[in-house]
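Comments concern the structure below.
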Amino acid sequence: MTHTGGGGPRARARGPWRREAAVTAAAFGLCLLGGVVQVDDTLAAPPSAAYLVAVVSCALLPIRHRAPLAALAATTAVGVLVPTLGLLLTPLIVAPAVIAAYSYALAARSERHAAGAVLLTSAALAVCIPLFGDFSWKDASRMGVVAVFPLAAGVLGRSVRNRRAYLAAVEERARRAEESRDSEARRRVAEERVRIARELHDLVAHQITLANAQAMVAAHLFDARPEQARKSLGELVETTGHALDELRATVGLLRQSGDTAAPAEPAPGLSRLPALLESFRRAGLDVSVHREGTARPLPPGVDLTAYRIVQEALTNVTKHAGTGSARVGFVWNHDHVTITVADDGGGTAARTTPPAAPVPDRPTASPVPHRPPGYGLIGMRERATAVGGQLSAGRRPEGGFLVSTHLPLPPARDTTRTADGTTDDGAAGGAP
């Protein structure tokens, strides 16, 4: 058999009834104690009239929670009738009216209603003293005491209400702050997951695509040109080694519990563009670069974005274009740089099998057939948008595919000095 603890539903239900019974019993005792003092200032056993006042006024107290104004009016009316019954009107005998005044002040929605009702109660109890019997200075002091008790109860009730409202507001603000912190944390986690996924995609897609192209070239040249095939296999080993190193470094950063003092190596930028283009050339893609305007250093975020976009666009050419050449263009304007990567290939559908003999003089990249769509274009567009730029991609009317992005440049006055403090000669900093 299971025994419920003291904090069960029944115990919680009995709690308010016990409190109500205690309050009613205390009010009944105070009323009877007030009936001990007689009009001639002598002490005697409470008369039957005192029992009548205590029973009637205390019987009205339980309704103060549902109808506080009615309970206040009824207990005040009973207190006004106390002098007519031959009893001395004291703060003790009107204890139910004082309790009702506290309850109404606690429940009233506005300060004006609470103050008006409590003032009327005090005035009614105080005025009824000189209306019945002779009035003396002693009665005047008693009248003041009787009037003060309901006012004090009303002030206390209003203070408790304001305190409860303040605590409720503080709890609500704390709850909303906690919710906003949780939502902000979830948003940051989602953004960080997207950023990590984008970085891993750029690393894996670039290195694995180069490795795949080099392996296909080595396979095509294995019989006809063993020396060139051996060279391609050596480049394949180097490419996979770089891929493993970059993946190991990235995963190592993700596994760290705290922030590192400094990154293991600087983030890639357009200063590493020649090495990037050379890696694609070794994989069989003939890449040419065209520049217009005066090259200027880029902020670190824009520099990394430009590098990753060129890297991903050339990776897509290697995988999907079915061509051996691509063109990278840089057009430097006053407030932005336009970067384009174009090819004249026909896409993956144009070539579904590797080229047959005769073997070309120069190995070319071959796309992998039936490759499902990836997240390269999505990642490039997210990168460009994150730094305030724009990116568009689509087929060209004359054939092939074009990726074009517009990235913002810093003001011209900041272009005379690079990030490390050296003067810019058109090739330093982040400019290719």
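The values are calculated or read from the model by the stated rules, or taken from the named source; none is laboratory data. As the structure is a prediction and not an experimental result, all values here were calculated from the model. Cβ atoms come from the backbone with ideal geometry, glycine included; neighbour counts cover every protein chain shown. Heavy atoms of the whole protein, side chains included, go into the accessibility calculation; ligands, DNA and RNA do not. Shrake-Rupley method; radii C 1.70, N 1.55, O 1.52, S 1.80 Å.
Observations, loosely collected:
- Model label sites at A140 and L247, defined 7 Å from Cα along the beta-carbon direction, differ in position by 10.0 nm.
- Straightening the chain between V189 and E382 buys 67.8 nm, computed as 0.36 nm per residue apart minus the Cα-Cα spacing.
- Of the peptides 285-293, 52-60, the order by per-residue mean of other Cβ atoms within 10 Å, starting with the highest, comes out as 52-60, 285-293.
- The stretch between E238 and R395, if pulled fully straight at 0.36 nm per residue, gains 53.2 nm over its current Cα-Cα span.
- Normalised per residue, the accessible area of segment 47-101 is 38 Å², obtained with a 1.4 Å probe and no contribution from ligands, DNA or RNA.
- Normalised by the number of residues in segment 89-196, the mean separation of alpha-carbon contacts (under 8 Å, six or more apart) gives a relative contact order of 35 percent.
- Packing here is the average count of other Cβ atoms within 10 Å per residue, and on that basis the peptides 118-126, 230-238, highest first, run 118-126, 230-238.
- Taking a sphere under 13 Å around the Cβ of E172 and counting the other residues whose Cβ falls inside, with K and R at +1 and D and E at -1, yields a net charge of +1.
- Computed from label points 7 Å out along Cα-Cβ, the spacing between N162 and R176 is 2.2 nm.
- Net charge over other residues, Cβ less than 9 angstrom from the Cβ of T405 (K, R count +1; D, E count -1): +2
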